[in-house]
Amino acid sequence: MEVVILAGIRPLATLAADAIEALLRRKPDAVLGLATGSSPLPVYDELVLRHEQRGLDFSRAHAFTLDEYVGLPAGHPQSYREVIRREFTGRVNISPDNVHGPDGAAADIPAACQAYEDAIRAAGGVDLQLLGIGTDGHVGFNEPVSSLASRTRIKTLVEQTRRDNARFFGSLAEVPHHAVTQGLGTILEARHVILVAAGAQKAQAVRDLVEGPVAAICTASVLQLHPHATVLLDEAAASSLRLADYYRHSYDNKPSWQGL
Ligand code: F6R
């Protein structure tokens, strides 16, 4: 696991966008794994800028989102399908047909989850997965004590997650209780994982992710088992890390050819 600590979210977004740009230039039909929530938004803004100013081309790329609420009507502004279109995919030249998300409105949720797993596999797997982290340590909506081997399925959201996400809705009562999410086993199959976290409210979850034991109580800790996981942190999110100085030293002395 590589941990990069920088002074603010903008330089973190630049680094993540650099990795995505390098991937697209090397492999124009790359498969991107997209997260919603607030953490990746600066990355999406930076990619949109590069698309508009430098012609960064998404026309052959594919995208799979991590998760979706269950029970929101189609077109609801907070459905993750809508959010990702509004915040990112609708602002670059990726084909809408190439943007996929789990179906939270399916009559047969288990069948829809299996179909989503099959679609990711048929596309050749995710090349680069962007992640945020919940204050309870979740990635995707893999809430505490999710199986570390889980696949795409329905999960019940913990109240802390519902409260955290109420800011996107009118009130807590409007936040769904369930979501379908890629599993931890699914996420681990992405070839490169980049997790972005900013703000002091993420510091404990980040410490558990990076320096805690691999344990289902902090599901993000499963990334310690991933061969190519990058954790991008601002100072506040990194403020509880014991080995922060070591991570800074490693990054400062990294060979320039290495990239993320
Ligand atoms: C959303 C997702 C969640 C969020 C997490 C952090 O697709 O997968 O795991 O990344 O809840 O949310 P923010 O970034 O809003 O703090």
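Quick rundown of the values:
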read-out	value
Environment charge of residue 87, counting only residues whose C-beta is closer than 14 Å and scoring Lys/Arg +1, Asp/Glu -1	+1
DSSP H segments from the chain that extend 15 Å or more along their own axis, Cα-based, with Kyte-Doolittle mean of -0.5 or above	9-26, 109-122
Viscosity 0.692 mPa s, 37 °C: Kirkwood-radius Stokes-Einstein D of region 175-221 over Cα pairs, µm²/s	263
Compactness relative to 2.2 N^0.38 Å, alpha carbon Rg of the chain	0.95
Cα shape, region 207-260, gyration tensor, a/c 1.5 rule	oblate
Choice from 115, 107, 13 with maximal GNM fluctuation in the chain (Cα, 10 Å cutoff)	107
Straight-distance crosslink candidates among aspartates and glutamates, where the alpha carbon sits under 19 Å from residue 155 and sequence neighbours closer than 8 are dropped	67, 68, 103, 108, 117, 136, 143, 164, 174
Lys/Arg +1, Asp/Glu -1 at C-beta; the chain dipole; positive extreme among 247, 145, 201	247
Extent along principal axes [Cα atoms of region 78-119; Å; largest to smallest]	32, 22, 11
Lys/Arg +1, Asp/Glu -1 at C-beta; the chain dipole; positive extreme among 59, 99, 258	258
Candidates 141, 58, 168: whichever shows maximal mean-square fluctuation once the chain is modelled as a Gaussian network with Cα springs under 10 Å	168
FRET efficiency for residue 228 and residue 174, using Cβ-Cβ distance with R0 set to 35 Å, rounded to 0.05	0.40
Mean residue ellipticity (222 nm) of the chain, computed from DSSP H runs ≥ 4 via -39,500 (n - 2.57), nearest 500	-9500 deg cm²/dmol
Efficiency of FRET from Cβ geometry, residue 38 and residue 159, R₀ 22 Å, rounded to 0.05	0.70
Value of Rg/Rh across region 78-220 [Cα atoms, Kirkwood radius]	0.95
Projected label distance in nm at residue 245 and residue 217, using a 7 Å step from Cα toward the beta-carbon	2.9
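Read-outs throughout are calculated quantities, based only on the coordinates presented, and are distinct from any laboratory measurement. Predicted model only: the values in this text are computed from it and were never measured. Note that each Cβ is placed from the backbone with ideal geometry, even for glycine, and that neighbours are counted across all protein chains shown.
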